[in-house]
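Some notes on the structure that comes next.
The values are calculated or read from the model by the stated rules, or taken from the named source; none is laboratory data. Note that this is a predicted model, so its numbers are computed, not measured. A quick note on method: Cβ atoms are made from the backbone with ideal geometry, for glycine too, and the neighbour counts reach across all protein chains shown.
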Amino acid sequence: MAWFGPDDVEGRIAHAFKVERFLVWLGYSVAVVGVLAIVWTVGGALIGSTEWTRAVITSFGILAATVLSGAAAYASGTNVGLAAARLKRDVEKG
């Protein structure tokens, strides 16, 4: 965890951009894991180890969880990045 002095605005801005990149990456990673889980579930139905109705219901649940959590992480990262860019602009203006 980074601790910044009261005058270290540049350090805070740099840290915010790192957090932004991580949260956007996390949002995309959640999407990839969700797609893999859906493929796994449908694959189980294709080979006959799972009923189709159960596979479809599970896939919709996975899709909902993936969209909600991935979008939340991505949006949080975007929000942090926009705030950091706004702060950087204000600091450069003086």
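Filtering region 1-38 to residues that are assigned to a loop (DSSP other than H, G, I, E, B) and more than 24 Å from the chain's Cα centre (by Cα) leaves Trp3, Phe4, Gly5, Pro6, Asp7, Asp8.
Scanning region 39-64 for residues that are over 18 Å from the mean Cα position of the chain (by Cα) and touching a residue at least 12 places away in the same chain (Cβ under 8 Å) yields Thr41, Val42, Ala55, Thr58, Ser59. Looking only at residues of region 42-65 that are among the aliphatic types (A, V, I, L, M) and either surrounded by 17 or more Cβ atoms within 10 Å (Cβ to Cβ) or in contact with a Gly (Cβ under 8 Å, 6 or more places away or on another chain) (or both), we find that the one that is farthest from Gly27 (Cα to Cα) is Ala45. May I ask you to list the residues in region 26-41 that are more than 30 Å from Gly81 (Cα to Cα) and surrounded by fewer than 16 Cβ atoms within 10 Å (Cβ to Cβ)? Val39, Trp40 - these are the residues of region 26-41 that are more than 30 Å from Gly81 (Cα to Cα) and surrounded by fewer than 16 Cβ atoms within 10 Å (Cβ to Cβ). Within region 44-53, not a single residue is under 30 Å from Ala14 (Cβ atoms), at pLDDT below 95, touching a helix residue (DSSP H, G or I) at 6+ places or on another chain (Cβ under 7 Å) and β-branched (Val, Ile, Thr).
Results for (1) of a type in the set (Lys, Arg); (2) assigned to a helix (DSSP H, G or I); (3) at positive phi, shown as yes or no for each residue.
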site: Thr50; (1), (2), (3): no, no, no
site: Thr66; (1), (2), (3): no, yes, no
site: Ala71; (1), (2), (3): no, yes, no
site: Asn79; (1), (2), (3): no, yes, no
site: Arg89; (1), (2), (3): yes, yes, no
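In summary, Phe4 fulfils each of the numbered conditions (1) surrounded by 16 or more Cβ atoms within 10 Å (Cβ to Cβ); (2) at pLDDT below 95 with the single exception of condition (1). Of all residues in region 10-25, those satisfying the criterion of being of a type outside the set (D, E, K, R), surrounded by fewer than 17 Cβ atoms within 10 Å (Cβ to Cβ) and closer than 12 Å to Tyr74 by Cβ are Phe22, Trp25.
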